[in-house]
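To start, the structure itself, in structure tokens.
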Amino acid sequence: MTSTPRINSPADLAAIREKAKSQIELRTGGRDLRITVHMGTCGIAAGARDMLMALMNELHAANVDNVTIQQSACAGLCDEEPMITISDRAGGTHRYGRLDKAKVRRIVQEHVVRGNACPEFYLKQ
Amino acid sequence: MKNVRTHILVCTGGGCIASGALEVSDALRQHVQKAGLSDEVSVVETGCLGPCVVGPVAAIHPDGVFYQNIKVDDAEDIVNEHLLKGRVVERLVHKAPTGKSIASLNEMPFFQRQVKVVLRNCGVVDPLKIDEYIARDGYEAMARALTKMTPQGVIDEMKKSGLRGRGGAGFLTGLKWQFTRSAPGSRKFILCNGDEGDPGAFMDRSVLEGDPHSVIEGMAIAAYAIGANEGFAYIRAEYPLAVQRFEHALKQARELGLLGRNIMGSGFDFDIEVRMGSGAFVCGEETALMTSIEGKRGEPRPRPPFPANKGLWDCPSCLNNVETFANVAPIILKGAEWFASMGTEKSKGTKVFALAGAVVHTGLVEVPIGMPLGEIIYDIGGGVPHGKKFKAAQIGGPSGGCIPKQHLNVPVDYESLQELGAIMGSGGLVVMDEDSCMVDVARFFLDFVQDESCGKCPPCRVGTKRMLEIVTRICEGKGEEGDIERLIELGERIKDTALCGLGQTAPNPVLSTIRHFRHEYEAHIRDKKCPAGVCPSLVSAPCSNACPAGVDVPGFVSLVGEKRYAEALKLHREKNPFASVCARVCFHTCEDKCRRSTLDEPLSIRGLKRYMAEQEVTVSLPESIESEVNASRKIAIVGAGPAGLSCAYFLARLGYKPKVFEAEPRPGGMLVQAIPAYRLPREELAREVRMIERMGVEIETGSALGRDFTLRSLRDDDYKAVFLAIGAPDGVRLGVPGDHAAGVTEALSFLREYNIRGSVPVGQDVVVVGGGNAAIDAARTAMRLGARNVTIVYRRTRAEMPAYEEEVDAAEAEGVRLEVLAAPVEVLSQDGRVSGLKCKRMRLGEFDRSGRRRPVAGDDEFIIPADQVIAGIGQAMDVAKVLDGVPVRLRKDGFIDADPQTGQTSVEWLFAGGDSVLGPASVVEAIGGGERAAVAIDRLLTGQEHAFWRQTKPVDTFYDPEADPVMYPRARMQLLPVKKRRNNFQEVELPFAEAIARREAKRCLRCDYKGQCSTR
């Protein structure tokens, strides 16, 4: 145990809960956003693993903890890799393709932190 | 702290630890580190996830993927494939019965039907981290109770929720708290019963190990409500992990100030101490538990005074069990209405069950109270493994009882179970299949109670000992008439007079097995038989025990293994004259019970029998007695089917010269009329019938009872005894509109017409209705006679078909189409001739009294075009018609009421056997019935028993008990290729080659070996 201070009121309890919540929500599917990194062979070859690392670093840097990161197989659009899909609780999905580290940073800052999607990086349909 | 993206939750419940979960968890951690994923992935050790049988198990989130049977070596694949590349490791995921892989936790039927309240955190949180419990709203309920509710308010909420004690008795928790609160006294105690001791139960252990804080929180709320400041958790010492994790949780709670003085600034003080019980079952009884906490010998005391007034150290005390406490926090947090919305009228909420025994997914499950027992066992538990039949569920442990298959629909709640003589108990649910002997089960529980009785009161100490003695005697074949009544009387007395719950409920397993399985007790006592093949004194080998004719299976099998074929046949015919017939058509219960199946697959006993029968060159007659006196005593046998001919055979061996009357032109009964020649070549039957004729039996064909002679005319002709073996030769009509159209027939007359007269009209598009052997025989016969399309319509699924599986397989291979889950509703016709069969689509609904799911009609209707419809839905016999006024008692179903041991009817000189007694049954059961009647007729005429063949003789084959079993797989009989058999009536099955047969014989484990074998 880390030296958690003594709980003297329900408010203290709530503080601990808020701190620990995000880890548990990862298991129960309670987080607000879900980012899927497509990691088929095509994705990995195109650098999906780097995108995953970049994504995690950016999220960490931005102090965001309400995002679930998941991997998935090839989405069938190998030409567009590396790709990520962001889905929110309302059911909206946003697919970004042909990513690089700079784009990932923009997406995290704009879409994840401020809540403005970045259509300029959307998949070309 | 880096933002971890994936959690691997490794179950570290006791079950999974035993299967190696800790090593798996270490290996996962190592590989995560090796792959450089330590910052992204954490390995979390959680409490029990539930499906213990496939442990070690792990769930990977956020993907929701569930892996089972994980070995240390699998850790690398999980890390490299799943964590690095996002690919599910297919070989480790759950397989549905259909063979489909189910990777997702949420799609597994085992989890889908569960509702987790008590187990809400088990398998989700790390039980060693209080933060994770708090993150799941832990201690929030306590905070609310302490700061926003009065103690009475808490009790009112509990009362409103309807929560009943989960320890077994089901007393209302809120009421218990109220009593303790109202009791005068300044010092009160809250006690937690973690002395879980029922065989097969591990609910409380899992909660204590997987979510200890939920129990602590529940206890704290209860303490606040009743006005206690001290608590004790009584946990058995055999649960070291539960004790360790619970104590760890207590320490954390104290450090955070969630236990101790002035909790959350509310002014309420509370702490808990752990007391370890040393495994005495009686200490689960509340007064004994308290005595034990006091440091005295754990013995119960009479109540009243109840613990609510005078409990631990004579202070008002409230004892609840682990699961009850785990329910408290959610009730306070989500409200009584939410809780009461689950369950039944009188039993609210959910219940955790430990599924154990003969069930596919043994493990821990939580369901809303009131779920039908069958759904717990089949939908969640996955049913009974190895294709065995469900027999009973033992629920409630040594205080509970058995629920037989007739009651699979019973909603699992306190009242319904009690009505059936069982109890909810703490949640142990042991599933038993056909291989469990209920007398032996009762003996096991009595033995347990005897061990665990504290000895304080004589009813429990002495009474259960007497009961155990009687039951043991019954198991050993020394039971006497009146034993069952003695057990019931003793049991009732003990229930009324024992001091505590242990003694008062100790007779339950016996009383409930007597209630639902009295016939099994009777079989042990009267027939000296253990039908399940368990009790060693009564069973030589499970195969022989299961054979209705009692053939010495290991004997003839081992003789075949030594190439001593003539001796093998002779041994077979000691008990069953129809070796060659049974080699083809027997339904081989022997193989179903073969103990080799626990190793790989059962012995191919029928295949070996076929090989043995193939070796017969000339039929030698069995050992018989010459007796002029017997030869002069006239005995008539009506019906030359397997029952009648078997009776004649055994009477002839005793020196009688019985006369057999057969209505049809050829002897054999169903063997010749119904079973097609491709399964049973006619010469094979004729050979064994000739053998019986050569022994002095006269068979008169074309002579029908009621037409050519009557029972009275037989008596007038001086027949001393008559054996009625008239079978059940009449088919049953479809019973739907239009079933009188031309082209509608029933399977038995269809088969008889072809088999006896040599030809039968067959349509182009034939629909056969039914799933029994007659239906399959009719379908395959129609195929062979040139039908273009043959469809079998059956209202349940293929798994429920009564026909032998190999027959169904062969039919399909020959082109017969199966239309299952369909029931006919109307026969369509044009100009008076059949044009099609209108069917309704069915689905499987509730469980019926046979323990199978009842087909329920849906709305979909469809038409199968047909110019012939054959109904194979049952067999009947209008017995009354041929009895000629002789006052024979019939059963409710219209068949003859005869003593199963002697075949004797209510008329002294009239005996009966075969289908006319049993209803449509098997060949070998008819043969067994014939033998028993022959012995009984002899006894009637001579007053003595002469059945010399019933003496078991040791077989002098070699057997080395030290040797390891040979590891050959089961040999399979080859079939004639479909092309070569579809258009003719040549025998389909081909016999083994000699080497195969001898090798197969060596697979026998010789269960009959009792150290008496010679070493030649």
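The values are calculated or read from the model by the stated rules, or taken from the named source; none is laboratory data. Not measured: the values here are computed from a predicted model. As a convention, Cβ positions derive from the backbone with ideal geometry for all residues, glycine included, and neighbour counts pool all protein chains shown. Heavy atoms of the whole protein, side chains included, go into the accessibility calculation; ligands, DNA and RNA do not. Shrake-Rupley method; radii C 1.70, N 1.55, O 1.52, S 1.80 Å.
What translational diffusion coefficient, to the nearest whole µm²/s, does region B:792-832 have by Stokes-Einstein, given a Kirkwood radius computed over alpha-carbon pairs, a temperature of 10 °C and 1.306 mPa s viscosity? Working shown, then result.
On the way: Rh = 11.6 Å.
Rounded, D is 136 µm²/s.
Put +1 on the Cβ of every Lys and Arg and -1 on every Asp and Glu Cβ in the protein assembly as shown; which of B:146, B:930, B:329 then has its Cα farthest towards the positive end of the dipole?
B:146
Could you quote the convex hull projected area for region B:473-589, Cα atoms only and averaged over all directions, in nm²?
Mean projected area for region B:473-589: 9.2 nm², to one decimal.
Taking region A:47-94 as the region of interest, what is the percent of Cα-Cα pairs per 5 angstrom bin, listed from the shortest bin to the one with the maximum distance?
5, 17, 26, 26, 19, 8, 1
Quick check for region B:465-546: number of Lys pairs with alpha-carbon distance under 18 Å, counting only pairs 8 or more apart or on different chains?
4
Nearest 5 percent is fine: what portion of the DSSP beta bridges confined to the protein assembly as shown is antiparallel?
Looking only at bridges with both residues in the protein assembly as shown, the antiparallel portion is about 50 percent.
Looking at the P(r) of region B:560-606, how many percent of alpha-carbon pairs lie beyond 12 Å?
Values: 737 of 1081 pairs.
More than 12 Å apart: 68 percent of the Cα pairs in region B:560-606.
Which whole-angstrom value gives the distance between the alpha carbon centres of region B:151-194 and region B:241-277?
Answer, in whole Å: 20.
Grab the other residues whose beta carbon is less than 15 angstrom from that of residue B:62, score K and R as +1, D and E as -1, and report the net. The partial results should precede the final answer.
Working: positive: A:21, A:27, A:31, A:34, A:89, B:5; negative: A:25, A:32, A:65, A:88, B:40, B:63.
Residues close to residue B:62 contribute a combined charge of 0.
Dividing the alpha-carbon Rg of region B:253-295 by 2.2 N^0.38 Å yields what? Walk me through the numbers before you get to the answer.
On the way: Rg = 14.8 Å, N = 43, 2.2 N^0.38 = 9.2 Å.
Working it through for region B:253-295, the quotient is 1.61.
Near residue B:808, within a Cβ-to-Cβ distance under 14 Å, what is the net charge of the other residues, with Lys and Arg +1 and Asp and Glu -1?
-4
Across region B:667-818, how large is the tail of the calculated P(r) beyond 25 Å, expressed as a percent of all Cα pairs?
Beyond 25 Å sits 41 percent of the P(r) for region B:667-818.
Once the Cα gyration tensor of chain B is diagonalised, what are the square roots of 5 times its eigenvalues, in whole Å and ordered largest first, as equivalent ellipsoid semi-axes?
With the √(5λ) rule applied to chain B, the semi-axes are 61, 34, 28 Å.
How large is the helix-only mean residue ellipticity at 222 nm for chain B, computed as the sum of -39500 (n - 2.57) over DSSP H runs with n ≥ 4, divided by its residue count, in deg cm²/dmol to the nearest 500?
After summing the helix terms and dividing by the residues of chain B, the value is -10000 deg cm²/dmol.
So what does residue B:905 come to for accessible area, using a 1.4 Å probe and Å² rounded to 10?
For residue B:905, the solvent-accessible surface is approximately 20 Å².
For region B:60-125, build the charge dipole from Cβ charges (+1 Lys, Arg; -1 Asp, Glu) around the Cα centre, then report which of B:82, B:115, B:96 sits farthest towards its positive end.
B:115
Taking 1 over the mean of 1/r across every pair of different Cα atoms in region B:294-346, what Kirkwood radius in Å do you get?
Mean inverse Cα-Cα distance, inverted, gives 13.9 Å.
Relative contact order (percent) for chain B, with alpha-carbon contacts under 8 angstrom and 6 or more residues of separation?
Working: 2248 pairs, mean separation 86.6, N = 1016.
Once normalised by length, the contact order is 9 percent.
Compactness ratio of region A:27-125: Cα Rg over 2.2 N^0.38 Å, N = residue count?
For region A:27-125, the normalised Cα radius of gyration is 0.98.
Principal axes first, then extents: for the Cα atoms of region B:523-604, list largest minus smallest coordinate on each axis, whole Å, largest first.
36, 31, 23
What's the longest bit of chain B with no exposed chymotrypsin sites (Phe, Trp or Tyr not before Pro), using DSSP loop states and at most 15 other Cβ atoms within 10 Å as the test?
Here the longest run is B:172-957.
Please give the net charge around residue B:872, taking every other residue with its beta carbon less than 11 angstrom from that of residue B:872, where Lys and Arg add +1 and Asp and Glu add -1. It would help to have the intermediate numbers written out before the result.
On the way: positive: none; negative: B:746, B:777.
After counting each charged neighbour, the total is -2.
Over region B:86-152, what portion of Cα pair distances is larger than 13 Å, expressed as a whole percent?
For region B:86-152, the fraction of Cα-Cα distances above 13 Å is 75 percent.
Under unit Cβ charges (Lys, Arg +1; Asp, Glu -1), what dipole magnitude, rounded to 20 debye, does the protein assembly as shown have relative to its Cα centre?
Details: 144 positive and 148 negative charges, 119 e Å.
So the magnitude is around 580 debye.
Where Rh is the Kirkwood radius over the Cα pairs of region B:882-1016, the temperature 4 °C and the viscosity 1.567 mPa s, what D in µm²/s does Stokes-Einstein return? If you can, show how the numbers build up before the last one.
Working: Rh = 19.8 Å.
Using the Kirkwood radius from Cα pairs, D works out to 65 µm²/s.
Taking the Kirkwood radius as the inverse of the mean 1/r across Cα pairs, report the Rg/Rh of region B:730-781.
Result for region B:730-781 is an Rg/Rh of 0.93.
Separation of region B:378-438 and region B:836-880 by C-alpha centroid, Å?
29 Å
Based solely on C-alpha atoms, express the radius of gyration and the Dmax of region B:792-926 in angstrom.
Reported Rg and Dmax, both Å: 19.5, 55.
What percentages, rounded to whole numbers, describe P(r) for region B:136-196 computed over all alpha carbon pairs with 5 Å bin width beginning at zero?
The distribution over region B:136-196 is 4, 15, 19, 25, 23, 11, 2, 0, given as percents.
If you split all Cα-Cα distances of region B:332-445 into 5 Å bins from zero, what percentages do you get per bin, shortest first?
Each 5 Å bin holds this share of Cα pairs: 2, 12, 23, 24, 18, 10, 5, 2, 2, 0.
Over the Cα atoms of the protein assembly as shown, what Rg and Dmax result, in angstrom?
Rg then Dmax for the protein assembly as shown, in Å: 35.5, 111.
Given B:631, B:983, B:194, which one lies farthest toward the positive end of the charge dipole of the protein assembly as shown, if we put +1 on the Cβ of every Lys and Arg and -1 on the Cβ of every Asp and Glu?
It is B:194.
What whole-number distance in Å separates the alpha-carbon centres of region B:639-702 and region B:528-589?
21 Å
Given q = 0.18, 0.24, 0.25 Å⁻¹, what are the Debye log10 I(q)/I(0) values for region B:828-898, with equal point scatterers placed on the Cα positions and solvent ignored?
The Cα Debye sum returns log10 ratios of -0.89, -1.04, -1.08.
Can you tell me the dipole magnitude for chain B around its Cα centre, using point charges on the Cβ only (Lys, Arg +1; Asp, Glu -1), in Debye to the nearest 20?
Taking the Cα centre of chain B as origin, the dipole is about 300 debye.
Where the Cα atoms of region B:625-673 are projected onto their three principal axes, how long is each span, largest first, in whole Å?
35, 15, 12
Extent of region B:565-692 along each principal axis, from alpha carbon coordinates, in Å, largest to smallest?
Cα spread of region B:565-692 along its principal axes, largest to smallest: 53, 31, 27 Å.
How big is the charge dipole of chain A about its Cα centre, in debye rounded to the nearest 20, if each Lys and Arg gets +1 on its Cβ and each Asp and Glu gets -1 on its Cβ?
So the magnitude is around 220 debye.
log₁₀ I(q)/I(0) of region B:685-756 at q = 0.11 Å⁻¹, via Debye over equal Cα point scatterers, no solvent, to two decimals?
-0.50
Can you give the log10 of the normalised intensity I(q)/I(0) at q = 0.21, 0.22 Å⁻¹, computed with Debye over equal Cα scatterers of region B:724-811?
So the normalised log intensities work out to -1.13, -1.22.
Taking each pair of distinct Cα atoms in region B:807-866 once, what is the resulting Kirkwood hydrodynamic radius in Å? Don't skip to the answer; put the middle values down first.
Numbers: mean 1/r = 0.0747 Å⁻¹.
Result for region B:807-866 stands at 13.4 Å.
Would you mind estimating how fast region B:6-90 diffuses translationally, via Stokes-Einstein at 10 °C and 1.306 mPa s with the Kirkwood radius over Cα pairs, in µm²/s?
Estimated diffusion coefficient is 129 µm²/s.
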